[in-house]
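Some notes on the structure that comes next.
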Amino acid sequence: MSTAIHSPRQGSISSPNSQTQDDQLPHLLSLKVMRLSRPQLTSTLPIYYESNTEKTSPLVDGLESLNISDLTASHPIDRNQCNEIQIRDFGLSQMLKLPSAFGNIYLGENFSTFISINNESPFAVQQVGVKIELQTSSQRFVLSDTTTTPLTALEPQKTYDTTVAHEIKELGVHILVCSVQYNAPDGKRRHFRKFYKFQVSNPLAVKTKLNNLIDGRVFLEAQLQNVSAGPMFLERMKFEPSEHFIFEDLNQVVTNNDSVFGDSFIHPQDIRQYLYMLSPKDDQNDRISRTTNALGKLDIVWRSYMGDLGRLQTSQLTRKAPMLEDLEVQPFLQEPVRVILEHPFKLGIRVKNHSTENMKLVLTAIKTKMGSVLLSGLSSVQLGDVPANQSAETQLEFFPLSSGLQRVGGLRVMDLLSGYTKDIDHVCDIFVLSHLNDDIESNI
């Protein structure tokens, strides 16, 4: 299906043998450019009537004849199909119509154009060549060029047609440049050029929000808004992480892996929030993943309400990388435990050396900063030598004095070689049960 594009201006092109403008005489050929697009559904407000075979009336007879000549004007009511939903119940007809306007062109869509050259003169013209280019603000693409292998002859009242397509990858003003060259009957080489300008808009607005965790994980929230004029069907919304990360898609229902959004339709101005969890690919050597600012890309594929395909891939999503301290303290549990009030429990502590020098570490407790969860046993633990980018682990025993959600902290790590010291006021939070029969388990 096609929609005509009107030319805002017409210019000329220099031939290889002449630098003068070829606009003294009317041209023997005419050029028409039409955008190829899908048809649209026709809106209609039909007249519903009940046909009666036993008793007729002039009104029913008129509506019957109108229904035969125009399928969108009137519809008979079939009592046997009263419970069936049909397309006409939504104010739409079963007929399709051609777009009456040029329409909108969005980034990521395919722009298809039909070019028709018609010989309107009573004479045959020779060596007809056509060059079609698409010019953007930054570059120029040649979509088709037959000037090197021109059409031998174009007879009177005959047409030469061609179709070109191009994936739109830039926003802003685009200009379709159509150049035609031919030999007139007197042997003179003639030429003309036409320009067709159109605007490319953004169909989607993407915003991101980041949350960096102390263990190197990153929560990426992507906000997607449909800023086009029509509804979309999201065929694919995929995150492609950078080489230093693996990711988990948190937009699925845990029980059946269905989308949390229910369906894939997004209406104009609607917003969806997508959440992804990025983790370092190498847990043992995660310095690069913790300090890099490149996270990955979003690959989005959609279809318009009539099935036109579009695709967008964002540029590299970046962040302001957090500062990496020389020492990092992480808690861990071998398995979930039930922490009972006034009952000791064990908690694993992992200390990682992110510096470039070897360290000799000692872990001590600061009881005045421990709160309601105290360290049980020795208040100092020797961790020994820890090379650069390596870690040491130990088990500490704690004693909870209060029930509920409690903070574990009040530790200090010291490097005996350099004198570097780091205080850890908050290691993790645990839930302390009041009674042994409670069913809540603590997870780090």
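The values are calculated or read from the model by the stated rules, or taken from the named source; none is laboratory data. Just so it is clear, the structure is predicted and the values come from calculations on it, not from any experiment. For neighbour counting, all protein chains shown are included, and Cβ atoms are generated from backbone atoms with ideal geometry for every residue, glycine included. Accessible surface is based on the protein model in full, side chains and every heavy atom, while ligands, DNA and RNA are left aside. Shrake-Rupley method; radii C 1.70, N 1.55, O 1.52, S 1.80 Å.
Full extension of the chain between Tyr305 and Lys209 gives 31.6 nm of extra length, using 0.36 nm per residue less the Cα-Cα distance.
Within the assembled protein chains, the solvent-accessible surface assigned to Tyr196 is about 10 Å², based on a 1.4 Å probe.
Extension gain, Asp249 to Glu335: 0.36 nm times the residue separation minus the Cα-Cα distance gives 28.5 nm. Can you give the local net charge around Lys281? Use residues other than it whose beta-carbon is closer than 15 angstrom to its beta-carbon, Lys and Arg +1, Asp and Glu -1. Neighbour charge sum, excluding Lys281 itself: -4. Let a ≥ b ≥ c be the square roots of the eigenvalues of the Cα gyration tensor of segment 109-155; is it rounded (a/c under 1.5), or, if not, prolate (a/b larger than b/c) or oblate? Verdict is prolate for segment 109-155. Figure legend: label point modelled 7 angstrom from the Cα of Leu378 along Cα→Cβ; residues of segment 392-406 with amide N under 17 Å from it are 392-398.
Past the 21 Å Cα-Cα mark, which pairs from Lys209/Lys320; Lys320/Lys369; Lys367/Lys422; Lys158/Lys197; Lys131/Lys197; Lys320/Lys422? Distance filter (> 21 Å) returns Lys320/Lys369; Lys158/Lys197; Lys320/Lys422. Take the Cβ atoms of Lys320 and Asp283, set R0 to 25 Å, and the FRET efficiency comes out at 0.60.
Each residue of segment 359-372 was assigned a 3J(HN,Hα) from its phi angle through the Karplus expression (A = 6.51, B = -1.76, C = 1.60, θ = phi - 60°), giving 10, 10, 9, 9, 10, 10, 9, 10, 5, 5, 10, 8, x, 8 Hz with x at Gly and Pro.
Taken as Cα centroids, segment 165-234 and segment 240-254 sit 28 Å apart, rounded to the nearest whole angstrom.
Each residue of segment 173-190 was assigned a 3J(HN,Hα) from its phi angle through the Karplus curve 6.51 cos²θ - 1.76 cosθ + 1.60 (θ = phi - 60°); the sequence is 6, 10, 10, 8, 10, 10, 10, 10, 10, 7, 9, 6, x, 7, x, 6, 7, 10 Hz, with glycine and proline shown as x.
3J(HN,Hα) along segment 307-323: x, 5, 8, x, 9, 10, 10, 5, 5, 4, 6, 10, 9, 8, 4, x, 5 Hz, from the Karplus curve 6.51 cos²θ - 1.76 cosθ + 1.60 with θ = phi - 60°, whole Hz, x for Gly and Pro.
Taking trypsin sites (Lys or Arg not before Pro) across segment 288-348, the ones in a DSSP loop with at most 12 further Cβ atoms lying within 10 angstrom of their Cβ are Lys320. Rounded, prolate or oblate: which fits segment 367-425 when a ≥ b ≥ c are the square roots of the eigenvalues of the alpha-carbon gyration tensor, with rounded for a/c under 1.5 and prolate only if a/b beats b/c? Note, shape of segment 367-425 comes out prolate.
If the segment from Lys422 to Ser264 were pulled out straight at 0.36 nm per residue, it would be longer than the present Cα-Cα gap by 52.0 nm.
Between the beta carbons of Leu151 and Asp186, assuming R0 = 22 Å, the FRET efficiency works out to 0.70 to the nearest 0.05.
Cα centroid distance between segment 270-293 and segment 371-393, in Å? Here the two parts' Cα centres lie 28 Å apart. The chymotrypsin sites (Phe, Trp or Tyr not before Pro) of segment 108-144 meeting both criteria, a DSSP state outside H, G, I, E and B (loop) and at most 13 other C-beta atoms within 10 angstrom of the site's C-beta, are Phe123. Note on Leu25/Phe102: beta-carbon distance plugged into 1/(1 + (r/R0)^6) with R0 of 30 Å gives a FRET efficiency of 0.45.
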